[in-house]
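The next block holds one structure in the form of structure tokens; read it before the comments.
The values are calculated or read from the model by the stated rules, or taken from the named source; none is laboratory data. All figures in this text were calculated on a predicted structure; none of them were measured in a lab. Note that we place each Cβ from the backbone using ideal geometry, even for glycine, and neighbour counts take in every protein chain shown.
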Amino acid sequence: MQLMVAASVFRDHTQIVLPKEEASNHRSHLEHNFMITISEENDAVRLIGSPCEIPKVRTWLLSHGVEIL
């Protein structure tokens, strides 16, 4: 029997969504220190990276008091 995994599980491990203002305060550091793609949307910014890189980004953001959506 093969189980299907919801796409949201993979998204949680490969991206982080931030409010635009939070991302703009840290964008330069994020671009220079992590291998991620930054995609701007209406009121948010999506940080996209590998399942190895995103936990590092999440840890760094939380240690700097950034609210993650």
Checked against (1) surrounded by fewer than 10 Cβ atoms within 10 Å (Cβ to Cβ); (2) of a type in the set (Asp, Glu); (3) at pLDDT 95 or above, Glu41 satisfies every condition except (3)
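Does the range 45-69 hold any residues that are aliphatic (A, V, I, L, M) and either under 12 Å from Gln15 (Cβ atoms) or free of Cβ contacts under 8 Å to residues at least 12 places away in the same chain (or both), and which are they?
Looking only at the range 45-69, we keep the residues that are aliphatic (A, V, I, L, M), and these are 45, 47-48, 54, 57, 61-62, 66, 68-69.
Scanning the range 45-69 gives Val45, Leu47, Ile48, Ile54, Val57, Leu62, Ile68, Leu69.
If you go through the range 1-32, how many residues are outside any helix (DSSP H, G or I) and at pLDDT below 70? Walk me through it before giving the result.
To start, the set of residues in the range 1-32 that are outside any helix (DSSP H, G or I) comprises 1-6, 15-19.
This time we only want the ones that are at pLDDT below 70, so: 1-6.
Qualifying residue count for the region: 6.
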For Leu62, the lone unmet condition from (1) modelled with pLDDT of 90 or more; (2) within 10 Å of the chain's Cα centre (by Cα); (3) not aromatic (Phe, Trp, Tyr) is (2)
